[in-house]
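Read the structure below first, then the notes.
The values are calculated or read from the model by the stated rules, or taken from the named source; none is laboratory data. Predicted model, so just to flag it, every value in this text is computed and none were measured. Counting neighbours? That spans all protein chains shown, and the Cβs are built from the backbone with ideal geometry, glycine included. The area values use the complete protein model at the heavy-atom level, side chains included, leaving out ligands, DNA and RNA. Shrake-Rupley method; radii C 1.70, N 1.55, O 1.52, S 1.80 Å.
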Amino acid sequence: MMKDQIILGIETSCDETAASIVRNGSEIVSNVVASQIESHKRFGGVVPEIASRHHVEQVTIVIEEALKQANMQPSDIDAVAVTEGPGLVGALLIGINAAKAFAFANGLPLVGVHHIAGHIYANQLVEPMQFPLLALVVSGGHTEIVLMRNHGSFELIGETRDDAAGEAYDKVARVLKLPYPGGPHIDRLAHEGGEAIAFPRIWLEQDSYDFSFSGLKSSVINYMHNAEQRGEVVKPQAVAAGFQASVVEVLTGKTLRAAREFKVKHVIAAGGVSANKGLRKSLKDTFAKEGITFTVPPLFLCTDNAAMIAAAGSVMFEKGHKSSMSMNGKPGMPLFDWN
């Protein structure tokens, strides 16, 4: 009988300090996340220095809590997976150095994981991946369509040219005077019913899988300013519904076209914006009609967490990928193949 593979994952790329233990790349044994949202809310976004200080305070605590919840000792762990990049360099370094210390002290292998690969592999914690597979990655800093022909094979076929979808959500939320992070509040308003303002759909070139949300964001801001100058009362629900309808239609439409072109068996959604109710429903309904398997993680695995890092690290470890103690934080780290 084969021994279970136990991976400790550590994630500190932005404003969540997280540690998780995952068995065999698909079973969450423990998952601990210390969020910093309340600390950054009054600034309307993440302040890197504050994020780093919080990570220093929390990283040891979350690792110890992950072990405690799993009822495990360091001797039970087979490898330590940690986010290597992309992210805030100061924040990344806290997690990387904590992972190095834990790995060195316990004689364990170290595996550096790409943050976006982690988001993609959060779906492996829901159901096995079927290849070829298409991943729609939608977060505050990334909007990408990634084609995977097998584990660890990442072909970027579309990406944002300006504002990522999550970034556009936060900027529109600020104009609507909604709290940070803005995405959940816009999603809530969009589902409160009533009319939706007709905002443009930015499709770019006919054969392009790239995205652009800067023009849509500007259209919303201009609408708000013009209404204010005319003394008109703006209904936030109508603005939110119109903005979200545009984002969701473009994300779904391009993903559907790519799924058909590359004849994929499985479509997955990943990243913080994949928690959006409107997007989840649109993708689910669309691919149900297409007869293509669609997976989106539960909400707690959409936002940054360490279980996804452990899941990706598990596959990397199986394939023989190990990192050295000279690992450094890579804020602009490109998505790379490790198949």
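Classify segment 267-339: rounded, prolate or oblate, from the alpha-carbon gyration tensor (a ≥ b ≥ c, eigenvalue square roots; a/c under 1.5 rounded; otherwise prolate if a/b is larger than b/c)? Prolate, since a/c reaches 1.5 and a/b exceeds b/c.
The DSSP beta bridges internal to the chain are antiparallel in roughly 60% of cases. With the convex hull of the Cα atoms taken as the outline of segment 13-55, the averaged projected area works out to 3.4 nm².
Solvent-accessible area per residue in the chain equals 43 Å², computed with a 1.4 angstrom probe and all protein chains kept. Remark on the chain: ratio of C-alpha radius of gyration to 2.2 N^0.38 Å is 1.01. By how many degrees, between 0 and 90 and to the nearest 10, does the Cα long axis of helix 236-261 differ from the longest principal axis of the chain? Between helix and principal axis, roughly 60 degrees.
Residue ranges 282-291, 184-193 sort as 184-193, 282-291 when ordered by packing (mean number of other C-beta atoms within 10 Å per residue, highest first).
Seen against the Cα atoms of the chain and their longest principal axis, helix 89-106 is set at about 20 degrees.
Using every pair of separate Cα atoms, the Kirkwood estimate puts the hydrodynamic radius of segment 1-158 at 16.5 angstrom.
Only protein atoms count toward the accessible area here, which uses a 1.4 Å probe; on segment 1-97, the carbon and sulfur part of that area reaches 53 percent. Nonpolar atom fraction for segment 182-272, defined as the carbon and sulfur part of the 1.4 Å probe accessible area, stands at 51 percent. Note that segment 77-226, at 20 °C in a medium of 1.002 mPa s, gets a Stokes-Einstein diffusion coefficient of 117 µm²/s from its Kirkwood radius over C-alpha pairs. Using 0.36 nm per residue and subtracting the Cα-Cα separation, the extra length available between residue 157 and residue 41 on full extension is 38.4 nm.
Taken over segment 182-339, the convex hull of the Cα atoms encloses 164 Å³ per residue. Does anyone have the angle between helix 48-70 and the longest principal axis of the chain? Alpha-carbon axes, 0 to 90°, nearest 10? That helix lies at roughly 50 degrees to the long axis.
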